[in-house]
């Protein structure tokens with residue numbers, strides 16, 4: 001049995017549980033379909049368990065457990081679900097590549113509510129005793145709060161065979177749903193202003209970039225992650241941020257005089273394209289479109305030697321959902337190669353799995369193996385103190 005794949009192991013356990021009469025024939029068929037079996041294969045397996053009602057029922061019995069009835073079930077009224085998540089390109093990709101196929105496969109009707117993470121938190125708090133939302137795509141920073149307040153349900157990994165593909169950096173150690181992918185935070189630079197391509201984050205401290213580096217304040221997640229990374233590359237980390245603050249003080253000569261910590265938006269990207277900013281710490285959602293413009297003067301790397309601090313796209317099972325099995329099926333679909341590749345190709349989301357990116361795409365979107373694993377609970381707890389230190393030790397210091 002040790003040589004079985006995770007899906008084969010799950011199938012063996014399914015049969016064993018059914019033989020012990022842990023659940024009904026109908027539940028068996030549903031769980032088998034969730035493992036990726038076709039209905040005929042599931043019915044055949046059920047019959048092999050000694051249950052011939054899986055393939056035939058007595059005439060006029062009205063048995064609801066036959067394969068015929070199970071096959072007809074998807075034509076009934078669809079199960080309604082509410083999912084909250086991102087908008088823009090990411091939301092459009094989720095709707096077309098994940099939700100639409102899922103609705104057909106599982107006979108569901110999903111209301112996709114475009115929302116900010118703060119809106120998600122507000123709604124889940126308001127509906128805590130009687131939730132209407134089933135599932136969320138959210139940020140890991142707010143997911144920490146949701147878990148702490150008992151708004152999210154832990155995941156049954158046995159119901160999600162594709163968890164076997166998820167790399168460690170994206171798994172939740174406490175048993176909640178995983179991070180489904182992440183936006184890479186990265187430096188974007190003007191090729192005419194940078195003599196040699198940036199191969200690592202430490203290159204932002206080059207003397208040639210004097211008054212040319214721009215990045216967001218640490219009240220922005222990208223800016224906060226840059227501070228953490230500055231600590232990491234100088235011998236520290238989340239538990240020892242002193243090297244990070246010291247490194248930022250050393251970087252001050254390279255701060256752009258007017259946009260040193262202004263933001264990461266389109267204005268800063270345009271200034272980088274124009275050469276007013278030499279190097280901008282931003283995220284791939286803004287960097288990629290700028291790079292792919294015809295004759296673009298800007299560049300970034302998908303293989304920085306220190307890796308990338310991620311802005312995660314976390315999955316959340318809303319505590320109290322009445323569609324728990326379907327939610328697990330939805331998580332499993334998010335982790336399929338097709339959806340992971342679509343998110344990378346269309347929305348620039350680094351995969352959370354071991355899926356291999358096409359050669360042209362891996363030059364653009366950093367692979368899962370390059371994403372850093374961060375303790376967001378520690379980050380959330382320490383952030384107010386870091387923000388206070390930032391003002392006193394970096395911004396105010398001459």
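The values are calculated or read from the model by the stated rules, or taken from the named source; none is laboratory data. Computed from a predicted structure; not experimentally measured. No Cβ is skipped: glycine too gets one built from the backbone with ideal geometry, and neighbour counts run over all protein chains shown.
Below are the figures for this structure:
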| item | result |
| --- | --- |
| The one condition in (1) assigned to a loop (DSSP other than H, G, I, E, B); (2) within 13 Å of the chain's Cα centre (by Cα); (3) modelled with pLDDT of 95 or more that residue 322 fails to fulfil | (2) |
| Extreme residue, nearest to residue 286 (Cα to Cα), among residues of the stretch 343-358 that are surrounded by fewer than 24 Cβ atoms within 10 Å (Cβ to Cβ) and either within 13 Å of the chain's Cα centre (by Cα) or not assigned by TED's automatic domain parsing to the domain that holds residue 164 (or both) | 347 |
| Test: residue in the stretch 382-398 that is closer than 23 Å to residue 153 by Cβ, in a loop (DSSP other than H, G, I, E, B) and touching a residue at least 40 places away in the same chain (Cβ under 8 Å) | no |
| Enumeration of residues in the stretch 310-340 that are out of contact with any strand residue (DSSP E or B) (no Cβ under 7 Å at 6 or more places or on another chain) and closer than 19 Å to residue 88 by Cβ | 339 |
| Residue match in the stretch 123-130 (condition: touching a residue at least 40 places away in the same chain (Cβ under 8 Å), buried (at least 18 other Cβ atoms within 10 Å of the Cβ), under 17 Å from residue 323 (Cβ atoms) and touching a helix residue (DSSP H, G or I) at 6+ places or on another chain (Cβ under 9 Å)) | yes |
| Yes/no for residue 144 being touching a helix residue (DSSP H, G or I) at 6+ places or on another chain (Cβ under 6 Å), in the same structural domain as residue 178 (by TED's automatic domain parsing) and surrounded by fewer than 20 Cβ atoms within 10 Å (Cβ to Cβ) | yes |
| Residue check, residue 279 touching a strand residue (DSSP E or B) at 6+ places or on another chain (Cβ under 6 Å), at pLDDT 95 or above and in the same structural domain as residue 204 (by TED's automatic domain parsing) | yes |
| Selection from the stretch 277-300 of residues that are assigned to a loop (DSSP other than H, G, I, E, B) and surrounded by 21 or more Cβ atoms within 10 Å (Cβ to Cβ) | 277, 278, 300 |
| Unique residue being touching a helix residue (DSSP H, G or I) at 6+ places or on another chain (Cβ under 8 Å) and within 17 Å of residue 283 (Cβ to Cβ) when the list is 364, 317 | 364 |
| Residue list for the stretch 222-259, restricted to those being modelled with pLDDT under 90 and crowded, with 19+ Cβ neighbours inside 10 Å | 259 |
| Residue list for the stretch 232-253, restricted to those being part of a helix (DSSP H, G or I) and either closer than 21 Å to residue 140 by Cα or not assigned by TED's automatic domain parsing to the domain that holds residue 204 (or both) | 232 |
| Some residue of the stretch 361-378 being buried (at least 20 other Cβ atoms within 10 Å of the Cβ) and more than 30 Å from residue 244 (Cβ to Cβ) | no |
